[in-house]
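For reference, the structure is listed below as structure tokens.
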Amino acid sequence: MTWTTLTALLSHWRRNGLQFFALISGLALATALWSGVQAINAEARASYDAAAATLGEGQFGQLLPRTGNRIDQATYIALRRSGWQVSPVLEGRIDTTQGRVRIVGLDPLTAPGNVAPVGMQEGTSLDDFLTRGVLFAATDVADQLENAVSQRIVTDPSAAPGVALTDIGVAQDLLDAQGTLSRLILAPEQPMGRPDLAAITPDLVLQPAQDAGADRLTDSFHLNLTAFGLLSFAVGIFIVHGTISLAFEQRRGMVRTLRALGVPLGRLIGLMIAELVLFALIAGAIGVALGYVIAAVLLPNVAATLQGLYGASVAGTLQLRAEWWLSGMAIAVVGTGLAAAGALWKIAHMPLLSSARPRAWAVASGATARRLGAVAGLLFLVGVGIEIRGKGLALGFVLLACMLIGAALLLPLVLRGAVTLADRQARSVVWQWFWADTRQQVPGMSLALMALLLATAANVGVTTMVSSFRVTFVDFLDQRLAPELFISAEDAAQSPDLEAFLIDNAREVLPLLSVETEIAGVPSDLFGARVGPTYRNNWVFVAETPEVWDRVARGEAAVVSEQLARRAGLWTGDAVAVAPGLSLPIAAVVADYGNPLGQALIDEAVFSDLYPDRVPTRFGVRTDDAAGLREKLVERVGLSDAAIIDQARIKAFSLEVFERTFTVTGALNVLTLAVAAFAILMSLLTLASLRVPQLAPAWALGMTRRRLGRLELLRAVVLAFVTTVLAIPLGLLLAWVLLSYVNVEAFGWKLPMYVFPGHYALLTVFALLAAALAALWPALRLARTPPSDLLKVFANDR
Amino acid sequence: MLTVQDVTKTFAGGEGDLPVLRGVSLSLDRNETLALTGESGSGKSTLLHLIGGLDTVGSGAIEIDGRDITKMTDSDRAALRRTDVGVIFQQFNLIPSLTVAANMAFQARLAGRYDADQAARMSDALGLTPHLDKYPEALSGGQQQRVAIGRTLVARPKLVLADEPTGNLDEATARQVLDQMLDLVTETGAALLMVTHSQSVARRMKRQVHLSQGRVA
């Protein structure tokens, strides 16, 4: 009985190949977008883990040289002898024929637990590592080092990207840095009663373990990606929901017959679930494979994005990871379950003797549309409540979900309203029929149009967010990169002479003085600024008090970055302890995009009092003759070209990095819109057979098939247009929530929102084009429907 | 074979409960054919559905082969329909995605007693052999009804219930289909209970029971 029943159930799909294709491809596309994003996330996270495990970056406190970039090995020995549990690290780059490779030397015997170089594998022993010299690197780096070093190279895919790890002694040889170290890692547990650091060496500064500053940012980026992946998945699920609903409606008759012939309801429902799980697994597998392709295409951009924005390394290659295979398959099954739950529930509760007539057209009839509208209203109310009282990133995404789902549920009601309005304006009988028929089509197309609404709104929202980010970021670059040249001294000793030369030859000299510290519990950079016209004319604040720069110049106030202000819960007028014993009121809050650390800026003189040993080795220079000054610096001071960087180059580089930042999001936008167009196509194709009985009377009364086809096309475009017009304010609302709520919760700063009408107009055109393209084939099919098919509608003996 | 004892059935309506059957009793032996006639709304189809276990009685008993189906669970009644009772509907209720051959074999396969030779004889007798590979949508109404009859009889049920099986067919086709059905029922030894409006169809049965306002008249 089971096999016979299953054969009957499956025969539906065999006879309705297009519907089967819509189901499998919709689910596969949805899974592909989801798993593609997950693959990127999993890969990026694995790269961070590798970097963290191999380099211990951020996990542990570190001792860094107060000036320069080297520590004498004797200092390390002195610290160890006095009881400090420190482990040496030496870093540097070596040249190979294929570019430069970063070498990191560690001491595995003293390194804290998690800073293991890599797994000792391929028969490599600790003895090998310490004595003969072995380098561990990922395949690409290993290839690069092949002819550059004499030591044995062990390939380890878990090694951090772009890095070769080795014993500290080997690193000192390779980097020609005998007797020196870059930094010392502090073990988390330190013995009691050890002497003060300053008592052993005043030349080192302690940098506490980073709280997850960079982690928070990268997590936010991943969260955004995941949110967009989920949104794309939701668009796909609308297709699947539409297809499953239609298929189940069409199978009501079969279900009734099967039950009348003696198939128990429980067995029938069980078989339908099994059938759907089978399809979900097939579609899930296809989707995960497609997702792999999407991830492989996008991953280099993601790597560029993360590296550019947050300095996090991500390998540019993709590995097959069990977790995203599993998550892809699971989401396909769960998504199918969500899409099919309602249909299965209906089947389970359908009386055996109820009408077997398909009810697809009643899916979102007037009463249903009003009911959905009421649910939408409820969701909007929850959203408003969250906006007023809510806090936290998770609630931010709940708010987004309430808005988007609410708007989708409201759509049938709005479309019916719009069509009714148009109907009242119609004068000719043909147009009256057209609008009446369009109103009848709204329920059948609702799910596909909801998918289009979500896709377009996501597109508007994300583009508004990214473009607002870009406009703000360009302003920010103009502000921060105002000096025409940035000049580096070779060392601290050269600095005073260089500064004197610059003062004589430039309009304004801005020494770049900074120290890494902790302000109000937030890891931050403290800057000493020479207040002058550049600061006064170029800096734009998020919040400010009167006479900002005068007060800073008098040493009476500080300027802090928005990240620091928000994370420390401070704002203008509050006092901030910028250094032990020095607390200053905050005169202004400045935006500092993309920086995981906080920033505080005080007057140069106050800074020098706090850190008398800190000498500026970099200067920003304002000049009207950048080329002339560059020439003088090379010829008279003897600086190398590399020590002089012109602002335009940095700006171009920064912009380039930024432009790549959201390429991934852009690609997801395009894909999501394509999926929505696919939803419309599939919806129209699967409904086409149900349309024949509705159009046949119009044909019989004298409308040509060609005209009917044209009207079908027009109908799809009109419904898509109303949907897109609705999607624009929804998208702007989405952008506003992303910029003013989610961004603050995730990144710690708020972005001003800009509106881009040109883009929205273009997007509307694209959406209409997508709808028209999707409707073209079904309309052509209709225009070519043989008269015999249309006549069947009127035949009694069928 | 079949005993219906004092069966009642009431449906809930907008203006209160609506009694459809008010204590109906009848019986049917093996190899016997019975026509259930009556005006619209007299409860003919409801009684047929109750006997087929497609709906549950308000009160009374229905025994098929000595087993009271009113005391059976849903799945027991489903099993009964699979093996002992065949229902032929006015709307054919074929499975549109299966071929004629698969539709005809379907109930016999569900019952676990499909016999290919017998199915071939049945399709010959019903004139369906040239259409075995077609789908129901390609057949005329009379042909589809023949497939529905074939589906029931290939499964060899003890009791055949037919709800106006010729109601949708023209007179000539109806007569032809009815002849074939009666011949085949006789050949398989089943009992046949047929709901019909048509007196000419009713006269072809051995016995007739007339229902009026939910009672046997």
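The values are calculated or read from the model by the stated rules, or taken from the named source; none is laboratory data. Fair warning: this is a prediction, and the values are worked out from it, not measured in the lab. Every residue, glycine as well, gets a Cβ built from its backbone with ideal geometry; the counts of neighbours run over all protein chains shown. Accessible surface is based on the protein model in full, side chains and every heavy atom, while ligands, DNA and RNA are left aside. Shrake-Rupley method; radii C 1.70, N 1.55, O 1.52, S 1.80 Å.
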Rounded to the nearest 100 Å², what is the sum over both chains of accessible area buried where A meets B, with a probe of 1.4 Å? 2100 Å²
Residue A:194 to residue A:281: extension gain in nm, 0.36 nm per residue of separation minus the Cα-Cα distance? 25.2 nm
Based on the Cβ-Cβ distance from residue A:14 to residue A:140, what FRET efficiency comes out when R0 is 51 Å, to the nearest 0.05? 0.55
To the nearest 0.05, how large is the calculated FRET efficiency for residue A:470 and residue A:765 if R₀ is 30 Å and r is the Cβ-Cβ distance? 0.85
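Which whole number gives the average, over all residues in B:51-59, of C-beta atoms from other chains lying within 10 Å of the residue C-beta?
Details: counts 0, 3, 3, 6, 3, 0, 0, 0, 0.
Taking the mean over all residues of the peptide, I get 2.
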Residues meeting the amide H criterion for residue A:152 (H placed from the backbone, H to H distance under 5 Å, 5 or more places apart or on another chain) are A:135
What ³J(HN,Hα) values, in whole Hz, does the Karplus curve 6.51 cos²θ - 1.76 cosθ + 1.60 give for region A:705-711 when θ = phi - 60°, with x put for Gly and Pro? 4, 4, 5, 4, x, 4, 5
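Where Lys and Arg each count +1 and Asp and Glu each count -1, what net charge lies around residue A:95 among other residues with Cβ under 13 Å from its Cβ?
Details: positive: A:93, A:100, A:102; negative: A:176.
Neighbour charge sum, excluding residue A:95 itself: +2.
If I take every Cα pair under 8 Å that is 6 or more residues apart in region A:364-425, average their sequence separation and divide by the length, what percent do I get for the relative contact order?
Working: 43 pairs, mean separation 28.5, N = 62.
Contact order relative to length: 46 percent.
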Please compute the contact order of region A:390-538 in relative form: average sequence separation of alpha-carbon pairs under 8 Å and at least six residues apart, divided by the residue count, as a percent. 14 percent
Mind checking which aspartates and glutamates have their Cα closer than 12 Å to the Cα of residue A:391? Skip sequence neighbours fewer than 8 apart in that chain. A:745
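In this model, which of A:346/B:158; A:346/B:9; B:44/B:71; B:71/B:158; B:134/B:206; A:346/B:134 are farther than 29 Å apart at the alpha-carbon?
On the way: A:346/B:158 33 Å; A:346/B:9 25 Å; B:44/B:71 22 Å; B:71/B:158 20 Å; B:134/B:206 35 Å; A:346/B:134 31 Å.
Distance filter (> 29 Å) returns A:346/B:158; B:134/B:206; A:346/B:134.
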Taking all protein chains in place and a 1.4 Å probe, what share, in percent, of the accessible surface of region B:4-138 do carbon and sulfur account for? 46 percent
Can you spot the lysines whose alpha carbon is less than 25 Å from residue A:632's alpha carbon? Ignore those fewer than 8 places along the same chain. A:651
Per-residue HN-Hα couplings for region B:144-156 [Karplus 6.51, -1.76, 1.60; θ = phi - 60°; Hz; x = Gly/Pro]: 5, 5, 5, 5, 5, 5, x, 4, 6, 6, 4, 7, 6
For region B:1-140, just the Cα set please: Rg and Dmax, both in angstrom. 17.7, 54
Can you give the FRET efficiency for residue B:91 and residue A:425, using 1/(1 + (r/R0)^6), R0 = 41 Å, r = Cβ-Cβ distance, to the nearest 0.05? 0.45
Pull up all non-local amide H partners of residue B:88: gap of 5 or more, or a different chain, and H-to-H distance under 5 Å with H placed in the peptide plane. B:161, B:162, B:163
Residue order for A:267, A:439, B:203 - accessible surface, 1.4 angstrom probe, largest first: B:203, A:267, A:439
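For B:132, A:268, write out the residues from largest to smallest accessible area, computed with a 1.4 angstrom probe and no ligands counted. Mind showing how you got there, number by number?
On the way: B:132 45, A:268 0 Å².
Largest to smallest exposure gives the sequence B:132, A:268.
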Give the Cα extents of region B:59-126 along the principal axes, in whole Å, largest first. 42, 25, 20
Per residue, in Å², the accessible surface of region B:75-217 once ligands and nucleic acids are set aside, probe 1.4 Å: 39 Å²
